[in-house]
1. Of the residues 15, 55, only one is modelled with pLDDT of 90 or more and surrounded by 10 or more Cβ atoms within 10 Å (Cβ to Cβ); which?
2. Among the numbered criteria (1) within 22 Å of residue 22 (Cα to Cα); (2) in a strand (DSSP E or B); (3) over 14 Å from the mean Cα position of the chain (by Cα), which one does residue 44 miss?
3. Collect the residues in segment 81-100 that are of a type in the set (D, E, K, R) and farther than 16 Å from residue 61 by Cβ, keeping them in residue-number order.
4. Given the criterion in contact with a Lys or Arg (Cβ under 9 Å, 6 or more places away or on another chain), surrounded by 12 or more Cβ atoms within 10 Å (Cβ to Cβ) and aliphatic (A, V, I, L, M), identify the matching residue among 71, 94, 78.
Amino acid sequence: MTFEYVFFAVVAFVVGSFAWRFFRSGSLTGALLGGRAHREIGKIVLASGAASSTVLKVYAMDSGDGEPVVALMLVSKAPLAGSMVPITLTRTRAHELLSLLRQALGGD
């Protein structure tokens, strides 16, 4: 009987904290990334098949403390499966990533 109460309490805490983040940020993206998403900048289709796809979405948002950040969301969809990988980058980290991408393209 005690295990059931502990299990229910843990599940209720996880669901409640996510619901609080969702209502505070106003969107699923904001809840997953821990901030308030202003807008979706764009998306790049990385892979597309008959039944599956992988997309990289880029968002402009504010972090939990109000600092502007760049958010990346890697979304993979397949029959009976799916995943989202949220990544947030500060301005400095976004510039570092941009520099690395330029180097990879041979432009720097």
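The values are calculated or read from the model by the stated rules, or taken from the named source; none is laboratory data. Keep in mind the model is a prediction, meaning the values are calculated, not measured. Backbone-built Cβ (ideal geometry, glycine too); neighbour counts: all protein chains shown.
1. Unique residue meeting the criteria: 55.
2. (1)
3. 96
4. After applying the criteria, what remains is 71.
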